[in-house]
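Below is one structure; the comments refer to it alone.
The values are calculated or read from the model by the stated rules, or taken from the named source; none is laboratory data. Here the structure is a predicted model, which means the values were calculated and not measured. Glycine gets a Cβ as well: all are built from the backbone with ideal geometry, and neighbour counts include every protein chain shown.
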Amino acid sequence: MSRKRVDILLENMTIESCAAEGKALTHWNGIVVFVPFAVPGDIVDIRVIKKSKNYYEGRIERIVEPSKDRLEPFCEHFGTCGGCKWQPLPYQLQLEAKRKQVEDQLVRIGHLEVPEIRPTLPSDEIRYYRNKLEFTFSSRRWLMKDEDPESIPPEDRAGLGFHVGKFFDKVLDIKHCYLQKDPSNAIRLFIKEYAVAHGFEFYDIRQNTGFIRNMFIRTTDTSELMLIVCFAHEDREKREGLLNAVGERFPEITSLYYIINSKLNDSIGDQDCILFKGEPIIREKMENLTFRIGPKSFYQTNSAQALKLYTVARDFAKLTGSETVYDLYTGTGTIAQFVSSKAGKVIGIEYVPEAIEDAWKNAEANGITNCEFFAGDMKDVLSASFIAEHGRPDVIILDPPRAGIHPDVAKTILEAAPSRMVYVSCNPASQARDLAIFSEKYRITAVQPVDMFPHTQHVENVCALELKD
């Protein structure tokens, strides 16, 4: 459906509730109006900027009267940076909005029969909870409304931070980020200051020019820290100067990598990560398990909530110690190993070969002998012949990417007909679509949302399924 740009002012509109994609909504003449950065109970003037047949999209022109629930945003970058959109919303209301989001996708849109959806499990930390962040260098940072481009010297145009909204080539220079604990902010600011002082050319994504591109910081609850700095081309003198300087200034960096990435995108999955200093991996603990994390490893970005998430999945699996469990989309084998002590055998399957290598190493380091891991495209690996060779699963645990599972995978699962399934999802919409397929043979017995990302609209959801009689 096409959407036309318009310019309509709706005055004294009362915000009714939270909506999808981090927005809120109200109604005008029977039409739904979506607006970001609003809190239920706000009375606002809304500038409508897009409309379709069934709804409008707008922005707040003026807050006439703030909601009694509205909080002052704690971050100076709120409203410009694309993250943490729910800062004005009290945390308890965020949790309820996420539960309602799950309910809408599964029941109202998906038309699924589900038991009462449990309250969203809260995060113990609602600031500084992430263990991984990526920052981007830009030769032309995002300018604020009060900045005159003509009066800004070139050295002040450089930025290091996050992409702005829907602009792939615009980067907001970040002063302080509340997502990752110290010394994340200090490292980022030091690297920017060093790069500017030494005349490093920041990257221009449109022109594919410049020297320094992006950086990753990974931390663990065991106080280990990995820094990865990506350069667009090799300049050994400049590169070593920066890496030596940051290593000396921050001795707590236990793993220091660099990447030379000359291609047109910033993804590092196909790049060589070169260890400059320190250990090749960092380690995270979960209960009595230790997980190795390399520069390309996937690990849940909220470590404390990952423990809650996996505990829910293990409880929903109802393992007695003898079951054959298939952990599909196993990543580095975290869920597989987390449930292994209560299972007879666990089979993990994952698309990324490097992740499977990490899974085997993690299992060996943890002394786990009842897990096996296989790499390949899920729809190709999980076949009738694979199941015949490795045993029919009693329980299947699914934790797929946002897009959900391939229809061929769903078909194979239905044919295998495990007694129970646990579906972990970061996207309740695709989860609802897949659950509708499984409803042919399965009923949903429990639904538990988990908040992995406070101050955002994102929610993880865990569903327990049992084979119908």
Any idea how many residues of the range 360-389 are within 20 Å of THR320 (Cβ to Cβ) and in a helix (DSSP H, G or I)?
-> 0
Meets criteria (at pLDDT below 95, in contact with a Leu (Cβ under 8 Å, 6 or more places away or on another chain) and surrounded by 21 or more Cβ atoms within 10 Å (Cβ to Cβ)) for VAL171 = yes
State whether the residues of the range 411-425 include one that is assigned to a helix (DSSP H, G or I), modelled with pLDDT under 95, buried (at least 19 other Cβ atoms within 10 Å of the Cβ) and β-branched (Val, Ile, Thr).
-> no
Restricted to the range 106-129 and to residues being at pLDDT 95 or above and in a helix (DSSP H, G or I), the residue nearest to ALA436 (Cα to Cα) is LEU106
Conditions (1) touching a residue at least 40 places away in the same chain (Cβ under 8 Å); (2) buried (at least 19 other Cβ atoms within 10 Å of the Cβ); (3) of a type in the set (Ser, Thr, Tyr); (4) assigned to a strand (DSSP E or B); number of the one not met by THR290 | (2)
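For every residue, the table says whether it meets (1) touching a Gly at 6+ places or on another chain (Cβ under 6 Å); (2) not assigned by TED's automatic domain parsing to the domain that holds HIS458.
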| residue | (1), (2) |
| --- | --- |
| GLY269 | no, yes |
| GLU279 | no, yes |
| ASN288 | no, yes |
| LYS308 | no, no |
| ARG314 | no, no |
| LEU319 | no, no |
| THR324 | yes, no |
| TYR329 | no, no |
| THR334 | no, no |
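Conditions (1) charged (D, E, K, R); (2) farther than 29 Å from MET452 by Cβ, marked per residue:
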| residue | (1), (2) |
| --- | --- |
| PHE162 | no, no |
| PHE168 | no, no |
| ASP182 | yes, no |
| TYR203 | no, yes |
| GLN207 | no, yes |
| GLY210 | no, yes |
| PHE231 | no, yes |
| ASP235 | yes, yes |
| ARG239 | yes, yes |
Starting from the range 440-469, take each residue that is outside any strand (DSSP E or B) and surrounded by 18 or more Cβ atoms within 10 Å (Cβ to Cβ) and list its partners that are of a type in the set (Gly, Ala, Ser) and at pLDDT 95 or above, counting only C-beta distances under 6 angstrom and pairs at least six apart or across chains.
-> ASP451/SER123; PRO454/SER123
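Looking only at the range 343-358, how many residues end up being free of Cβ contacts under 8 Å to residues at least 60 places away in the same chain and out of contact with any helix residue (DSSP H, G or I) (no Cβ under 7 Å at 6 or more places or on another chain)? Reasoning before the result, please.
Narrowing the range 343-358 to residues free of Cβ contacts under 8 Å to residues at least 60 places away in the same chain: 343-351, 353, 355-357.
Narrowing further to those that are out of contact with any helix residue (DSSP H, G or I) (no Cβ under 7 Å at 6 or more places or on another chain): 343-345, 353, 355-357.
Residues flagged as free of Cβ contacts under 8 Å to residues at least 60 places away in the same chain and out of contact with any helix residue (DSSP H, G or I) (no Cβ under 7 Å at 6 or more places or on another chain) within the range 343-358 amount to 7.
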